[in-house]
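Reading through the structure tokens given below for one structure.
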Amino acid sequence: MFATDDLSTESVLERAHEYANESDIETVVVASTTGDTGAKAASVFETAAQDLIVVGHSTGYREPNEQEFEAQYRESIEAAGGEVFIGPMVFSNVGSAIQEKDGFSNHELVADLLRLFGQGTKVALEIVLMACDAGLAPAEERVLAVAGTGSGADTVLTVLSANSRDLFDARILSVLGKPTDPENLFYW
């Protein structure tokens, strides 16, 4: 494991790329809100043996009808052979709506428990579930998940993938990199 507190997104992606090659991992899933981190991943993984899937927020996540993922980044990711998935987030959308009505959501409980290991850990597992649900990543295989806390990439996990309905079949097999600074563990 490596601490990511002082590493740039590019350094995290390079280490993830090295690990994926050394470990014969065929699928890499990367979180990217605007597409910037996804485009950086595409440049790192462009000639790699891995399939690259970049996952962004659903339309309307921040503002109604607004899509944060920028077209220029989508184009560069797809030109490099990567795929982009924009869709509902497993631990957020419905749970957030329930919570806003002063209700309790099991979705939010799961998300908050995962955040004990850092926001990037929660997002890394979530994007793997989303990629499987979209049919872009295979279920029941080792995949590399790259996510972050706020912006950029600071968390790298090896995950045994699953569809969201099979959440408890998923496994975090290894933590390759994550922030160690307690200030970086939560992002609200």
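The values are calculated or read from the model by the stated rules, or taken from the named source; none is laboratory data. Treat the numbers as computed from the prediction; the structure is a model and nothing was measured. No Cβ is skipped: glycine too gets one built from the backbone with ideal geometry, and neighbour counts run over all protein chains shown. Remember, those area values only see protein heavy atoms, side chains included, never the ligands or the DNA or RNA. Shrake-Rupley method; radii C 1.70, N 1.55, O 1.52, S 1.80 Å.
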Inset, instruction - Just reorder F91, F85 by solvent-accessible area, largest first, 1.4 Å probe, all chains present. - result: F85, F91
Inset, instruction - Report the FRET efficiency, 1/(1 + (r/R0)^6), for R171 and E66, where r is their Cβ-Cβ distance and R0 is 25 Å, rounded to 0.05. - result: 0.10
Legend entry - Extension gain, E75 back to E10 (0.36 nm per residue minus Cα-Cα distance, nm): 21.5 nm
